[in-house]
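Below is one structure, written out as structure tokens; comments come after it.
The values are calculated or read from the model by the stated rules, or taken from the named source; none is laboratory data. For clarity, every value in this text was computed on a predicted model and none was experimentally measured. Here Cβ is always computed from backbone atoms with ideal geometry, including for glycine, and neighbour counts include all displayed protein chains. Calculation scope for accessible area: heavy atoms of the full protein, side chains included, ligands and nucleic acids excluded. Shrake-Rupley method; radii C 1.70, N 1.55, O 1.52, S 1.80 Å.
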Amino acid sequence: MISSLNGRATIVDIAREAEVSTATVDRVLNGRQGVRALTIDKVLRAARRLDYIASEPTPHALPIRAAEHPSAGPRVYDFVLPAGGNTFIRELAERIEGLHEELAPLPITGRVHFIEGFDPEVLARSLVKIGRDSKGVAFVALEHPFVREAVRHLVERGVTVVTLVSDLSSSKRAGYVGIDNRAAGRTAGLLLGRFIGPRAGKIAMIAGSLAYRGHEEREMGFLHIISEAYPDLEIVGLREGHDDAERNYAQTRGLLDQHPDLMGIYNIGAGSAGVGAALRESGRAGEICFIGHEITSDTRSLVVDGVMDAVVAQNPRREAVDACRMLLNVEAGRDPSTGIAPTRIDIYVRENLP
């Protein structure tokens, strides 16, 4: 029996089929160490029978092997992330800091640097400074000429650069690790339109910052599908909350005061706790459709309580490993994307929270 609402097998189904725990299934599917070969084979066979993965295992589902490493020496890769209260970024940082255990026995360490997340000049200066003593840098990009110039400078000095979560156009970066943000925005728009149903009304968007290409692409995807599929929904504005819960609270209160007939909110970035608090305070939680991003402690609570209808998510652990793999690939002279599958966009509602 398949337990998910959409007919797709879940980790619970695979655990039942393979007669192992869900924790074991999670370790196998995410390529973690510490599972016997026979158990790995049993879990993968069950996952294929249930069409959870392809009939043959993909490189994306397997851990990095020692033979793939270009040399036996230790490697320290630098990850530049925006500071602040973004809980998804905090979880990503934890995954990066755990790479030395995740990728054992490979001598690889992820070094995290938090910087001001919305200032391209600060980001550019930080990249140049960090790159002086680094083999490879992965960072959450801001779309700005200063940042492109910093990337060019690092690459010309022989430093491999990878963008993470949000990409940088027309740059010399080796590759990008993260979801297709335009598709993510379209997915959010589809969900919001379907939840609202065949009614005319007003909806609104809150972004972290459109200086992030990822947020801009989500906005474009969302706008396009609303225009194409739900022309009776009127978008009454886009506000920026800088991924901050308090700012998002204020922005949401302003939207509710200005548009008492508001029917839906799409939070493009982080800080969903602030949107949820404003909806609760107004007495309209559960009445206004609320779609956001990433599974965190905040969004999980909002979904369970019925304040948030659905979450469009990505896997921070997978992205930390894939960014490291991409840096290794370049260092070894391989194509940057060797062994890396496109990052999957996941959709969660209350009934299928992981």
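Can you give the translational diffusion coefficient of the stretch 11-50 in µm²/s, computed by Stokes-Einstein from the Kirkwood radius over Cα pairs at 25 °C and 0.890 mPa s?
The diffusion coefficient I find is 257 µm²/s.
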Report summary line: From the Cα centre of the stretch 165-184 to that of the stretch 203-267, the distance in Å is 22 Å
Report summary line: per DSSP, antiparallel bridges as share of beta bridges in the stretch 181-313, % nearest 5, sits at 0 percent
Requested in this report: Just the number, please: carbon plus sulfur as a percent of the accessible area of the chain, 1.4 Å probe, no ligands or DNA/RNA counted.
Outcome: 50 percent
Requested in this report: Given the options Glu281, Glu234, Glu97, state which has the largest fluctuation in a GNM of the chain using a 10 Å cut-off (strictly under) for Cα springs.
Outcome: Glu281
Query - Debye-sum result for the stretch 181-313 in log10 I(q)/I(0), which assumes one identical scatterer on each alpha carbon, at q = 0.10, 0.22 Å⁻¹ - result: -0.25, -1.42
Report summary line: Computed over all unlike Cα pairs, the Kirkwood hydrodynamic radius of the chain in Å stands at 21.4 Å
Query - Peptides 205-214, 240-249, 296-305 ordered by average Cβ neighbours within 10 Å, highest first - result: 205-214, 240-249, 296-305
Report summary line: Stretched fully, the stretch from Arg36 through Leu223 gains (0.36 nm per residue minus C-alpha distance, one decimal, in nm) 62.5 nm
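Rounded to the nearest whole Å³, what is the per residue volume of the convex hull around the Cα atoms of the stretch 249-354?
Per-residue hull volume (Cα only) is 110 Å³.
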Query raised in the report: Rounded to two decimals, what is Rg over Rh for the stretch 123-257 when you use alpha-carbon atoms and the Kirkwood radius?
Result: 1.09
Query raised in the report: Quick one: accessible area per residue over the chain, 1.4 Å probe, rounded to a whole number of Å²?
Result: 45 Å²
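Using 0.36 nm times the number of residues separating Thr109 and Ala183, minus their current alpha carbon distance, what extension gain do you get? Please report the intermediate quantities before stating the final value.
Values: separation 74, 0.36 × 74 = 26.64 nm, distance 3.19 nm.
Additional length available on full extension: 23.4 nm.
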Query - 222 nm mean residue ellipticity, helices alone, for the chain (DSSP H n ≥ 4; -39,500 (n - 2.57); rounded to 500) - result: -13000 deg cm²/dmol
**Report entry** Förster radius 25 Å - calculated FRET efficiency between Ala332 and Ser169 (Cβ-Cβ, nearest 0.05)
**Finding:** 0.40
Requested in this report: Would you mind getting me the FRET efficiency between Val304 and His153? Use the beta-carbon distance for r and R0 = 51 Å, nearest 0.05.
Outcome: 0.65
Query raised in the report: Order of 257-263, 270-276 by packing, highest average Cβ count within 10 Å first?
Result: 270-276, 257-263
**Report entry** Dipole magnitude (debye, nearest 20) for the stretch 98-204, charges at Cβ of Lys, Arg, Asp, Glu
**Finding:** 340 debye
Query - Extension gain from Arg350 to Asp261, taking 0.36 nm per residue of separation minus the Cα-Cα distance - result: 29.5 nm
**Report entry** Cα lying deepest toward the dipole's positive end in the chain, options Val165, Leu99, Ile130, charges on Cβ
**Finding:** Leu99
Query raised in the report: Considering the chain as a Gaussian network with a 10 Å cut-off on Cα pairs, which listed residue, Gly237, Gly221, Gly339, attains the greatest mean-square fluctuation?
Result: Gly237
Report summary line: the chain, Gaussian network, Cα under 10 Å: of Thr343, Thr22, Thr187, the residue fluctuating most is Thr22
Query raised in the report: Where the only charges are on Cβ atoms (+1 Lys, Arg; -1 Asp, Glu), what is the dipole of the stretch 11-50 about its Cα centre, to the nearest 20 debye?
Result: 120 debye
